[in-house]
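Visitor: Provided herewith is a single structure, encoded as structure tokens, for subsequent inquiry.
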Amino acid sequence: MTMTQAPSGSSSGTPGGPLLRVRDLHTEFRSEDGAALRAVDGVSFDVEPGRALAIVGESGSGKSVSMRSVLRLLPRTGRVTAGEVWFGGQDLLRLPERQMRRIRGRDIGMVFQNAMEAMNPTLTLERQLTEHLLWHGVCTKSEARERAVRALGDVGIPEPERRIRVYPFQLSGGMRQRAMIAMAIVTRPALLIADEPTTAVDVTIQRQILDLLAGLKDQGTGIIMVTHDLGVARYFCDDSVVMYAGRVVERAPTRELLSRPRHPYAAGLLGSSVELGSRDRPLHPIPGNPPDLASRPRGCPFHPRCDRAVLPRCQDEQELIQIGGARAVACWRAEDGHDDQ
Amino acid sequence: MTTSDVDSPGSAARPLVAAHEVSKVFGSRAGEVRAVENVSLHIGVGETVGVVGESGSGKSTLARLLMGLQPCTSGRVEFDGQDLATVPGKELRVLRQRMQMVFQNPFGSLLPHYSAVANVMEPLRLHGRGTKTSRREQADALLEMVGIHPGFGELYPSQFSGGQQQRIAIARALALEPDLLVCDEPTSSLDVSIQAQILALLGELRQKLGLSCLFISHNLAVVERLADRVAVMSQGRIVEEGPTERLFEAPEHPYTRQLLGAVLPVTM
């Protein structure tokens, strides 16, 4: 890669502090019968510049809704009911929409799972990339094309001068995914939010895309990677947050999380992971299914599926307990003396 | 899980289904697409063969050829010694009962306006097996076997989670007591914890029922876990084939090495 410019760090928060601080975020959806469904229930995390945070969880755990809440891109039925999202010295949740639009796509880049749905099929890459730059007033019209070509080259699209003239559907899945990353980074955002960016692509392409994102990270971009794949978290992310039923159940440096998960759900995810060379290791699937948001279990939402649950203790709310400097676990067992692992 | 017979190439077992130099060419405006080219592959009785490859490598087309769902452009497929292309329609219908398929998207493969139990009963009814009562009993037993409480049998597919839908699809595939089960990416749309449940279930059923399996996946770790023998496909061809352990430990073809090298470890 040939990126020389530093990310637009000037817009971030206090020097040395986290780039993004999410505190006690709550998001609700109204169901058809008018009941409130708590999709995100008190989520907090930080993203540091030049580091990647994995948000790990299964479908319905609230990981994507958390990101959409941060970006204020919730569907009409959804609403952030409480919390703070600090970025660049401002609480994004309290900004007027006009200002939010200036930040979204310029200071915070976004990459989604399906590039085909995220791009406008009727515009060439050139239009998509340059309009984006011009709308945000990042550069002049004459510079825009040059920057767009450079961004395509940076993400490893061969012959960017020629490819910039094509439509998204004329690209293969891997190339399209790269084009979307190019669109996300063309403004040099300080923060990049990537929601399952490699789930729909082949393994060999996945590796290339992750290496590309790693290059951005090395240049100071903070990255949030939403993923269900622990392999991706391990390969790419310095820190991880594990979500279950709208809550953070464990937060830890990724290596520590994977070598010794402390929350039973995190341990269950690891026991369910199939990886190369593990043929002789029996699988330990987590029994049952994730809870329906409309009928969330009391206390720890995981306790009905947890083989180590003790009632009634697990029916009490489980606060995140700080263990060591960088880890926190929402399970009373993690406290000293209880953890008999 | 197989242990002792892993090192034998599996050819010792009588082949249940065998593709002999099959090719499939699709015509399109842009020209011909050679989806499968000159592939030979067999599945022995009681054996599980995995096919891995990236999207567009031809693995699903190969499965459809083996199932006789599409005619080969050249080459032939034999099921239990009979050439699928020459079997008359009526006999083919009988033969088809012996091979069943499980797809990636369980919701798309179930009838949405039929309850879970009716979905499982449907193949029995189509092939005129038993009476309404006996079909119902059989379907209840199948649902129980795949871990769906028969009390939920009257619910519709949309009322189940993805993993449960896949269990129902598996129960339906097993209703006709097939000899061959073809699974095309059966866990790819499922969450990690649910994938583990389905893999455990498939492993269990395969052993209990003595099924022969063709297991297609882009996920190498999943194939490593379930297959006795693995074929690696790239651009319509099998580039390498061998017993699972040998292939994963000492891959010979550069493409196999490239694929294995791209897999991200979780704990190791």
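Visitor: List B:SER158, B:SER189 from most exposed to least, where exposure is judged by having the fewest other Cβ atoms within 10 Å.
Guide: Neighbour counts put them in this order, fewest first: B:SER158, B:SER189.
Visitor: Between A:ILE55 and residues 5 or more places away or on another chain, which pairs have amide H atoms under 5 Å apart, with H built 1.01 Å from N, and which residues are they?
Guide: Here A:MET225, A:VAL226, A:THR227, A:VAL241 satisfy the definition.
Visitor: Most mobile of B:VAL25, B:VAL52, B:VAL39 per a Gaussian network model of chain B (Cα springs, under 10 Å)?
Guide: B:VAL25
Visitor: Right, next: Which number do you get for Rg(Cα) / (2.2 N^0.38 Å) in region B:94-248?
Guide: With N residues counted in region B:94-248, Rg over 2.2 N^0.38 Å equals 1.07.
Visitor: What is the Å³ per residue value for the convex hull set by the Cα atoms of region B:111-177?
Guide: Convex hull of Cα atoms, per residue: 72 Å³.
Visitor: Still on this structure, I have one more. Can you sort A:ASP41, A:ASP316, A:ASP46 from fewest to most other Cβ atoms within 10 Å of each residue's own Cβ?
Guide: Least to most surrounded, the residues fall as A:ASP316, A:ASP46, A:ASP41.
Visitor: Which one of A:LYS141, A:LYS217, A:LYS63 has the biggest mean-square fluctuation once chain A is modelled by GNM with Cα springs under 10 Å?
Guide: Judging by the Gaussian network model, the answer is A:LYS141.
Visitor: How much of the DSSP beta bridge set in region B:113-268 is antiparallel, as a percent to the nearest 5?
Guide: Once the DSSP bridges in region B:113-268 are tallied, antiparallel ones form about 55 percent.
Visitor: Near the amide H of A:LEU37, under 5 Å away, which other amide H atoms are found, from residues 5 or more places off or on another chain, if H is placed in the peptide plane?
Guide: A:PHE29, A:ARG30, A:SER31
Visitor: Further question: Using a Cα-Cα cut-off of under 18 Å, which aspartates and glutamates could be cross-linked to A:LYS141, ignoring same-chain neighbours fewer than 8 residues away?
Guide: A:LYS141 reaches A:GLU126, A:GLU131, A:GLU161.
Visitor: Taking the alpha-carbon distance from B:LYS59 and a cut-off under 29 Å, which lysines remain once sequence neighbours fewer than 8 residues away in the same chain are dropped?
Guide: Within the straight-line cut-off, B:LYS59 pairs with B:LYS24, B:LYS90, B:LYS208.
Visitor: Additional query: Restricting to chain A, compute how many DSSP beta bridges are antiparallel as a %, nearest 5.
Guide: 60
Visitor: For region A:274-325, report the % of Cα-Cα distances exceeding 16 Å.
Guide: In whole percent, the long-distance tail amounts to 59.
Visitor: Separate question: Please give the Cα centre distance for region B:150-207 versus region A:188-224, rounded to the nearest Å.
Guide: Measuring centre to centre over Cα atoms gives 33 Å.
Visitor: As a test of the definition: which semi-axes, in Å, follow for region B:25-144 when you take the square root of five times each eigenvalue of its alpha carbon gyration tensor? Largest first, please.
Guide: For region B:25-144, the ellipsoid semi-axes come out as 31, 18, 15 Å.
Visitor: Another one. Report, in deg cm²/dmol and to the nearest 500, the calculated mean residue ellipticity at 222 nm for the protein assembly as shown, where each DSSP H run with n ≥ 4 adds -39500 (n - 2.57) and the sum is divided by the residue count.
Guide: It comes out at -9500 deg cm²/dmol, rounded to the nearest 500.
Visitor: Once Rh for chain B is found with the Kirkwood sum over Cα pairs, what is the Stokes-Einstein diffusion coefficient at 25 °C and 0.890 mPa s, in µm²/s?
Guide: Calculated translational D: 128 µm²/s.
Visitor: Still on this structure, I have one more. Enumerate the amide H contacts of A:ILE321 below 5 Å, restricted to partners 5 or more residues apart or on another chain; note that Pro and chain-start residues carry no placed amide H.
Guide: Under 5 Å from the amide H of A:ILE321 lie the amide H atoms of A:VAL329, A:ALA330, A:CYS331, each far enough along the sequence or on another chain.
Visitor: Also: Residue by residue, what Karplus-based ³J(HN,Hα) values in Hz, rounded to whole numbers, does region A:325-331 have, using 6.51, -1.76 and 1.60 with θ = phi - 60° and x for Gly and Pro?
Guide: Karplus-based 3J(HN,Hα) across region A:325-331 equals x, 10, 10, 8, 9, 8, 8 Hz.
Visitor: Just to be sure I understand: with springs between alpha-carbon atoms less than 10 Å apart, which residue in A:GLY268, A:GLY57, A:GLY325 has the highest mean-square fluctuation in the Gaussian network model of chain A?
Guide: Top of the fluctuation ranking is A:GLY325.
Visitor: In whole Hz and in residue order, list the ³J(HN,Hα) couplings for region B:204-211 that follow from phi through the Karplus curve 6.51 cos²θ - 1.76 cosθ + 1.60, θ = phi - 60°; x for Gly and Pro.
Guide: 3J(HN,Hα) across region B:204-211, in whole Hz: 5, 5, 4, 6, 5, 9, x, 6.
Visitor: Please give every one of the lysines within straight-line cross-link reach of A:LYS217, meaning a C-alpha to C-alpha distance under 24 Å, and leave out same-chain neighbours fewer than 8 residues apart.
Guide: A:LYS63
Visitor: Also, I was wondering about something else. For A:ARG251, B:ARG246, what ranking results if the residue with the fewest other Cβ atoms within 10 Å of its Cβ goes first?
Guide: Ascending Cβ contact count within 10 Å gives the list B:ARG246, A:ARG251.
Visitor: Among A:78-91, A:173-186, what's the highest-first ranking by average C-beta atoms within 10 angstrom per residue?
Guide: A:173-186, A:78-91
Visitor: Next question, about the same structure. I'm checking a number: the convex hull volume of the Cα atoms of the protein assembly as shown, normalised per residue, in Å³. What is it?
Guide: Each residue corresponds to 172 Å³ of Cα convex hull volume.
Visitor: Using the Karplus equation 6.51 cos²θ - 1.76 cosθ + 1.60 (θ = phi - 60°), what ³J(HN,Hα) coupling, rounded to whole Hz, does each residue of region B:75-91 give in order, writing x for Gly and Pro?
Guide: Karplus-based 3J(HN,Hα) across region B:75-91 equals x, 9, 10, 10, 10, 6, x, 9, 6, 4, 6, 9, 5, x, x, 5, 6 Hz.
Every number here is computed from the coordinates shown, using simple stated rules; none is lab data. Quantities reported herein were computed from a predicted structural model and do not represent experimental measurements. All Cβ positions, even for glycine, are placed from backbone atoms using ideal geometry, and neighbour counts span all protein chains on display.
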